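Structure first, then comments.
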Amino acid sequence: MRKQLFFLLLLISPSCLLLAQQKTDTSDALNGMLANLKKYQQQYPQEKVYLHMDKPYYVAGEDIWFKAYVTVSQFNFLSAVSKIMYVELINNSNEIVQSRRLPVISGLAVGDFKLPDTLAEGSYRVRAYTNWMRNFDDDFFFDKTFVIGNSMSDGLITSSEFTLSKNEKEQEIVHSIIKLKDLNGEPVGERQVNYEIKLDAKSTAKGKAKFDETGTLNLDFASKDGVDVRKGFLTLHIENMDRPPIVKRIPIQVAATAHAVQFYPESGALLSNIFSKVGFKATQGEGKGAKVTGYVESEGERIVDFSSDHAGMGNFSLAATADREYIAVVEFEDGEQIKTNLPAPLKEGFGLAVNNAVEDAVWIQVAASPSIIKGQQISVIAQTNGQVFYAAKSKLEKSDLTVSIPRKSIPSGVVKISLLDEQMDLVADRAIFNINPEDILPLQLEANKQSYTRREKVDLKIKATGINDSTRVGTFSIAVTNMDKVPDSAKKEISILSTLLLSTDTKGYIERPGYYFEEENAAIKRQMDNLMLTQLPDQSFWQNIKDDNLPELSYKSEKEIRISGTITKSNGDPVDKAKVTVISPQNASVMDTLTGPDGRFNFDKIIFYDSTNFVVQARDARGRKNVEIKLDEVPKQQVSQNRNSPDVTVDANQSLGSYLEDTDKSLEELQKYGFLERSIVLEEVEVRDKKENPAKYSANLNGPGRADQIISGDEVFFNGCPTLDVCLNGRLVGVIFRNGIPYSMRSQNQPMQIILDGMYMDASALNIINPFDVASVEVLRTIGNTAIYGMYGSGGVLIITTRRGDQPRNFSRELFTPGITTFSPQGFYEIREFYSPDYSTPEAENGDMSDLRSTIYWKPDIVTNENGEAAISFYTADEPGMYQIVVEGLDTEGHIGRVIRYIRVE
């Protein structure tokens, strides 16, 4: 059987290298650490999600088709952990526009989004995850940013330019130039417009203006109350004759002026008199890589030159000494120059130097300062998310030691190589990327012809080859697009390879992750290693493993949709043998059951679609209704900031070029023949009301409401929980609870600081705070919000503000209706089928309706037989072009396959 999990212990001495199986001596520190890692990996299997989507961008009125692959472990076996997943379409204001709850069968799910023709143009995200994945960092979520245009509702294209300056009061002024054109590229002038500047849904400036005769609008606006308008949106309500105004929502992105560079010593720190590799990443503007050249100097001496490679990253080597200061001088292409200090070299310590360029092995050189060499044991572990692939230990008797890890024993993907001292504390850490040929599934894709005519049948054969396993059964999805209409190549897009092997196991933004898988050569391997140098060590992970301090799980893996809860008396005691009835008026269904001695009830294996209203009624054994119903409700996943924000497009319609006009013709043809319904846009009605700030009396040093997240006390109270820690568990983005104590996922080894009405409290104080008295809870996690608190903010801050006299509780009717409550959970999405025309009959082939599809074919449920073969067919459309065929998927043993082919339609 392929890829059995194993632990190896490498006993190293100066004279020999001996490979042996790990012994079970519990007194050995390394064995104890490996046992804890195995326990972590078994109890916390890491799921990953990849969505294969039919196109890289869309237009309102189209459909987004996707297939989800849910895998588990570094070997990417199709997951059996979760049977339900969530896929969300999110706009650039971090609002969920559409959500899908999908059944996961054998690690697979299919779905779609139907985009209304009124959907505003802009940058959108698709986020996918399981409930189990919410226990971990949301970096594991699938998250893709792409563009959706709109030609049907307005037919206007904007191009925007923002620049920044300061006035005599040193106040930042944003200068904007907005140009307005129609779909033919002609200027649209003399239009009145109402504009508004918004940041986090708060209006900071508004007014009226007019596009001139050339279709140009000039607006200047300033930051108010310390609000950075560069992170906001400019909303335009453009006059549209006697119809409702056209609304354009444009993210304010100031022209690239910000320059930054960061340095990453290979071992995590520079060591005195030890030759070290130093990685760097230079960025400009919103965070994309920038080309730079530079050098390192010390005491007037120019020591080493360097230049960036792909995406502003590169590396250089340096032998530093502890008594000198090292300065990097970096010059950008626009002439901007930055001088910054390198990390100060340590007088003593441990270091790792990794050579990942050798074909058959990964070579590791362990270095140590002479002053700390005392014959102590050191250990090297190669692992990913607790799954160990290699372990080694040795007595440190000289300043350097070399270890060789056979590449065939390392799976494909990101692997962390960590150096631990005798006390099993992390002293050096390095990420590497490996491609193991055994993990890649070679796919052949053959068409019966290379050239076709309009409405001609295309026959394709898929074959999985070159596998040593006994079975070649796999599941695949195929997308066929006309590249003359959708010109972006799939080679540049994220793929099943770049997602499952790279993105889900790295932190932060990766520019064009698909680039690293376009082809295999020495240059791309070098550039991938530069990316690995930017991954920082995770000290808290190793500390928790050492202490056997496994995190508490806030979210269970979902196997089915269920309605469950507890029936209690008014004093909180459980009610035994209470009759619980669940009624669905929409489906005319009724279910009932009895509670157990603990007052628990459960209705499982329920299947319903979309949002369905349920009425839950409870009576005690004597038929009395004076009982309380507490449903087990899982709070929805909050929308965090877009980690791929550098990919946000300012002017969506403009970025789509000819695709917008081509799609407009296709949608008009569908509407002409009754296959597409147009929405009726009503006149906008503005309702004015003042939203009360629940944190207006907050002691937040950043200012009331200036936080990463705000929870209203009204939300907390209606959870029906006894203490505040229970209320907040699962509601806070990036915060986990262990024994009632909150920890930020950015610093899982240090509890968050609790501040109650300005008083600094112990981290365990949440369980003594009455939720009824809480007006607001503010979460501070990012450095911009925690820096003002100094050492108290290093683990994050929770600011709790209690109610004042002018903040009465907003009571709900449900509080005064004993024995009955309502419940509206999200049901499964009813999956649609992609329509593929059949032109096999003369009537269909000679039909009047023009076939102007851009997605020619989509099929998410291809399954190969035991010989690895499958056959599919489809018909070409009316427009000529080069068709791109993309097939992706996995076999039953976790081998990943992807192939791209092209055919010509004349």
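The values are calculated or read from the model by the stated rules, or taken from the named source; none is laboratory data. Only a predicted model underlies this, so the values are computations on that prediction, with no experimental measurement involved. Glycine gets a Cβ as well: all are built from the backbone with ideal geometry, and neighbour counts include every protein chain shown. The accessibility values were calculated without ligands, DNA or RNA, using every heavy atom of the protein model including side chains. Shrake-Rupley method; radii C 1.70, N 1.55, O 1.52, S 1.80 Å.
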Discussion item. Place a point 7 Å from Cα of residue 357 in the direction of its Cβ. Which residues in segment 516-548 have their backbone N less than 12 Å from it?
Written reply: 522-527, 529-530
Response to the item:
Amide H contacts under 5 Å for residue 709, restricted to residues at least 5 apart in sequence or on another chain and with H modeled in the peptide plane, are 779
Fill in: Structure-derived Cα Rg over 2.2 N^0.38 Å: which label, when the choices are (1) 1.24; (2) 1.09; (3) 1.02
(3)
Worksheet item: Where a ≥ b ≥ c are the square roots of the eigenvalues of the C-alpha gyration tensor, would you call segment 767-901 rounded, which needs a/c under 1.5, or, failing that, prolate if a/b is larger than b/c, or oblate?
Response: prolate
Practice prompt. Could you give the size of the charge dipole of segment 219-344 about its Cα centre, using +1 on the Cβ of each K and R and -1 on the Cβ of each D and E, expressed in debye and rounded to the nearest 20?
Written response: 520
Worksheet, complete the sentence: For residue 577, the lysines lying under 21 Å Cα to Cα, once residues fewer than eight places off in the same chain are dropped, come out as 569, 625, 630
Worksheet, complete the sentence: Output row, site residue 243, 7 Å Cα→C-beta label point, backbone N cut-off 14 Å, window segment 662-676, residues 668
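Given the pairs 48/492; 38/393; 55/288; 636/859; 114/206; 210/672, which span a C-alpha to C-alpha distance of over 25 angstrom in this model?
On the way: 48/492 21 Å; 38/393 18 Å; 55/288 23 Å; 636/859 31 Å; 114/206 33 Å; 210/672 35 Å.
Distance filter (> 25 Å) returns 636/859; 114/206; 210/672.
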Discussion item. I need the calculated FRET efficiency for the pair residue 93 and residue 835, taking r as the beta carbon distance and R₀ as 22 Å, to the nearest 0.05.
Written reply: 0.10
Item to complete: Report the charge-dipole magnitude of the chain in Debye, nearest 20, computed about the Cα centre from +1 at each Lys and Arg Cβ and -1 at each Asp and Glu Cβ.
Response: 2280
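Can you tell me the dipole magnitude for segment 409-514 around its Cα centre, using point charges on the Cβ only (Lys, Arg +1; Asp, Glu -1), in Debye to the nearest 20?
Values: 14 positive and 15 negative charges, 189 e Å.
Around 900 debye, computed over segment 409-514.
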Item to complete: Return the aspartates and glutamates within reach of residue 605: Cα separation strictly under 12 angstrom, same-chain partners fewer than 8 residues apart disregarded; answer none if there are no such residues.
Response: 558, 560
Worksheet item: When the accessible area of the chain is computed with all protein chains present and a 1.4 Å probe, what percentage of it is carbon and sulfur?
Response: 48
Worksheet item: Using θ = phi - 60° and the Karplus curve 6.51 cos²θ - 1.76 cosθ + 1.60, what whole-Hz ³J(HN,Hα) does each residue of segment 695-709 get, with Gly and Pro shown as x?
Response: 9, 5, 9, 5, 8, 4, 5, 7, x, x, x, 7, 8, 6, 7
Worksheet entry | Solvent-accessible ranking of 459, 54, largest area first, probe 1.4 Å | 459, 54
Worksheet, complete the sentence: So, with points 7 Å from each Cα along the Cβ direction, the residue 340-residue 186 label distance in nm works out to 5.0
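Arrange the residues 797, 304 by how much accessible surface each exposes, largest first, with a 1.4 angstrom probe. Each step should come with its number before you reach the end.
Working: 797 0, 304 30 Å².
The ordering from most to least exposed comes out as 304, 797.
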Practice prompt. Positive end of the charge dipole of the chain (Lys, Arg +1 and Asp, Glu -1 on Cβ, about the Cα centre): tell me which of 60, 736, 316 has its Cα farthest that way.
Written response: 736
Item to complete: Find how much the distance from residue 461 to residue 161 grows on full extension, using 0.36 nm per residue of separation minus their present alpha carbon separation; answer in nm with one decimal.
Response: 103.1 nm
Practice prompt. Filter the cross-link list 525/546; 39/559; 291/339 down to pairs whose alpha-carbon distance in this structure exceeds 26 Å.
Written response: 525/546
Worksheet item: How much FRET efficiency would the formula 1/(1 + (r/R0)^6) give for residue 590 and residue 634, where r is the Cβ-Cβ distance and R0 is 25 Å, rounded to 0.05?
Response: 0.55
Fill in: Probe 1.4 Å, protein heavy atoms only - accessible area per residue of the chain in square angstrom
46
Worksheet item: How far apart, in nm, are the 7 Å Cα→Cβ label points at residue 303 and residue 570?
Response: 7.6
Worksheet item: For the chain, with the dipole built from +1 on Lys and Arg beta-carbon atoms and -1 on Asp and Glu ones, taken about the Cα centre, which of 509, 158, 79 lies farthest toward the positive end?
Response: 79
Worksheet item: Once a ≥ b ≥ c are taken as the square roots of the eigenvalues of the Cα gyration tensor of segment 334-379, is the result rounded (a/c under 1.5), prolate (a/b larger than b/c) or oblate (a/b not larger than b/c)?
Response: oblate
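Using R₀ = 56 Å, calculate the FRET efficiency as 1/(1 + (r/R₀)^6) where r is the Cβ-Cβ separation of residue 399 and residue 773; round to 0.05.
Numbers: r = 61 Å, r/R0 = 1.09.
So the FRET efficiency works out to roughly 0.35.
Counting only complete DSSP H runs, which helices of the chain cover 15 Å or more along their long axis at the Cα atoms and score a mean Kyte-Doolittle of -1.0 or above?
Values: long enough: 29-43 (21 Å, -0.67); 522-533 (17 Å, 0.05); 658-672 (21 Å, -1.40).
For the chain, where a helix must reach 15 Å along its axis and average at least -1.0, the hits are 29-43, 522-533.
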Fill in: Per-residue HN-Hα couplings for segment 725-733 [Karplus 6.51, -1.76, 1.60; θ = phi - 60°; Hz; x = Gly/Pro]
5, 5, 4, 7, 4, x, 9, 9, 5
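Would segment 257-360 count as rounded, prolate or oblate if I go by the C-alpha gyration tensor, calling it rounded below 1.5 in a/c and otherwise prolate when a/b exceeds b/c, oblate otherwise? Write out the running numbers ahead of the final one.
Details: a/c = 2.11, a/b = 1.30, b/c = 1.63.
Oblate, because a/c is 1.5 or more while a/b does not exceed b/c.
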Worksheet, complete the sentence: For residue 579, counting only aspartates and glutamates whose alpha-carbon sits under 12 Å away and dropping same-chain residues fewer than eight positions off, the answer is 592, 620
Item to complete: Would you mind checking which residues have amide H under 5 Å from residue 54's amide H? H placed 1.01 Å from N; only 5 or more apart, or other chain.
Response: 65
Fill in: Positive-end residue, the chain charge dipole about Cα centroid, Cβ charges, pick of 361, 820, 807
820
